[in-house]
Amino acid sequence: EAGVHSKAWYAATCDRKTAEDALYRSNKDGSFLIRRSSGQDSRQPYTLVVFYNRRVYNIPIRFIESTRQYALGREKNGEERFDSVAEIVENHQRTSLVLIDSQNNTKDSTKLKHIVRVS
């Protein structure tokens, strides 16, 4: 299942608030974890939770049935697609992830640097 279960960054039973609290406590830019999405929708099974600039971003991870791949955020032209959730994490440990703040209409970017474990 997406290659997530054995990973240190996967917080299986963690809800949104618990994930956000853990990231605020870490208080390090690039802190992250992946949790199951709240909606339990097969098309959006996971959420990437990232801390940057004193904010927490919840980025949906979509499952694309037709190609059996994963992508981040809303569907867009020319989006990056990955064969597993682990590949998304590995990719964004090397290349910056764009963080879009829809409320303030700002864009930031960070790499995934610090795995946060939820206790």
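Only the coordinates and a few stated rules stand behind these numbers; no lab work does. Just so you know, these numbers come straight off a predicted model, no measurement behind them. Note that we place each Cβ from the backbone using ideal geometry, even for glycine, and neighbour counts take in every protein chain shown.
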Q: State the three equivalent ellipsoid semi-axes of the stretch 41-104, derived from the C-alpha gyration tensor as the square roots of 5 times its eigenvalues, in descending order and whole Å.
A: 20, 14, 11
Q: Starting with the highest mean, order 13-22, 100-109 by the number of other Cβ atoms within 10 Å, averaged over the residues of each peptide.
A: 13-22, 100-109
Q.
Restricting to DSSP loop positions (anything but H, G, I, E, B) with no more than 10 other Cβ atoms inside 10 Å of their own Cβ, which trypsin sites (Lys or Arg not before Pro) remain in the stretch 24-81?
A. Arg54, Arg68, Arg74, Lys76
Q | Within the stretch 16-115: Cβ-based charge dipole about Cα centre, in debye rounded to nearest 20 (Lys, Arg +1; Asp, Glu -1) | A | 280 debye
Q | Helical contribution to [θ] at 222 nm, DSSP H n ≥ 4, -39,500 (n - 2.57), averaged over the chain, rounded to 500 | A | -5500 deg cm²/dmol
(Q) Restricted to Cα positions, what overall size does the chain have along the principal axes? Three whole-Å values, descending. (A) 38, 32, 27
